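The values are calculated or read from the model by the stated rules, or taken from the named source; none is laboratory data. Because the structure is a prediction, the values reported are computed rather than measured. Cβ placement follows ideal geometry from the backbone for every residue including glycine, while neighbour counts extend to all protein chains displayed. The accessibility values were calculated without ligands, DNA or RNA, using every heavy atom of the protein model including side chains. Shrake-Rupley method; radii C 1.70, N 1.55, O 1.52, S 1.80 Å.
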Amino acid sequence: MHRRDFLALTALGGGAVFASGLAGCANRGEAASSGNKDFYFVQMSDSHWGYKGPDNPDAAVTLGKAVAAVNALQTPPDFIVFTGDLTHTTDDPVERRRRMAEFKSIVADLEVKAVRFMPGEHDASLDRGAAFKEHFGDTFYTFDHKGVHFIALDNVSDAGAMIGEEQLAWLRADLAKRDKAAPIAVLTHRPLFDLVPKWDWATRDGAQAIEMLMPYSNVTVFYGHIHQEHHHMTGHIAHHSAKSLIFPLPVPGSQEKRTPLPWDPTAPYKGLGFRKVEAEDTGPQYKLTEYPVVRA
């Protein structure tokens, strides 16, 4: 990374932010050779539909307000991806499916051509993703968009917070087909690196996935789970977490236990939001723009 790129990363905060020259994005020549063109997508995460509690007394309407906020963007995104915890956990398999059906009905109002879904541990860990698959399809998959190869990894269906040998073998086989300079965007729920393992902010075999990705020069990881914006580098690979749509969580490792930040009635929806990720064909950069669920 160049010094200006590092400064851009360290300056990121709330509201509207821009990060230029992030590691993991194709340079001008690579973008041209791969046929990449300008586009942007929206990352939404951790809506926890079905949650009821004091940490968000407006939980019944927050997801709908987020949908409206995305629909109000001046230009519709090429696609939207939800990086997990679509619903709040429940031991009742009937209730789990009811929540997923309700979530799906609400987000059907998104005015965009393609919406992709990934599970979080709240959606999938109790039944190894069975209910999720019934409503949304595969828990891990790939797709390509305008020269960028997207890899959605499932590190939540295994109750042990692992990707698992079968999926790692699938990832290895997929990467073997890619050029080492090809732009790759990895989507996960949990972080692949050890952020705060005692808070379940880690993937037990995530290091194996990162090792497989290291030979590829243009990799960026987008994840959810930690309910806040966070930026981390493993070598040349940049990892960016998304804010939540239900309640924020504390700064990594800042307290003994992971508990939601209390609702502030004077500043409702503080710390909640979604992200616009723009892939530009004119230079070596993704541009990240953070939006609040409700604008002041």
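Stokes-Einstein diffusion of the range 39-95 at 37 °C, 0.692 mPa s viscosity, Kirkwood radius from Cα pairs, rounded to a whole number: 255 µm²/s. Its Cα gyration tensor gives the range 51-192 an equivalent ellipsoid. The semi-axes, each the square root of 5 times an eigenvalue, are 27, 22, 12 Å from largest down. In plain terms, the bigger the Kirkwood radius, the slower the diffusion; for the range 116-202, with that radius from Cα pairs, at 20 °C and 1.002 mPa s, Stokes-Einstein puts D at 156 µm²/s.
Once Rg and the Kirkwood radius are both taken over the C-alpha atoms of the chain, their ratio Rg/Rh works out to 0.94. Given q = 0.09, 0.11, 0.14 Å⁻¹, what are the Debye log10 I(q)/I(0) values for the range 130-276, with equal point scatterers placed on the Cα positions and solvent ignored? With no solvent term, the Cα-only Debye profile gives -0.31, -0.45, -0.72.
For Phe274, the accessible surface of its heavy atoms amounts to roughly 0 Å² (probe 1.4 Å, protein chains only, rounded to the nearest 10).
In degrees from 0 to 90, rounded to the nearest 10, what is the angle of the helix 93-107 Cα long axis to the longest principal axis of the chain? On a 0 to 90 degree scale, this one is about 60.
I'd like the orientation of helix 165-175 relative to the chain: the angle between its Cα long axis and the longest Cα principal axis, in ° from 0 to 90, rounded to 10. Long axis of 165-175 versus the principal axis of the chain: about 40 degrees. Positive contributions from Lys and Arg (+1) and negative ones from Asp and Glu (-1), summed over other residues with Cβ under 11 Å from the Cβ of Glu211, come out at 0. The lysines whose alpha-carbon is closer than 30 Å to the alpha-carbon of Lys243, local same-chain residues fewer than 8 away aside, are Lys37, Lys52, Lys65, Lys104, Lys113, Lys133, Lys146, Lys198, Lys257, Lys270, Lys276, Lys287.
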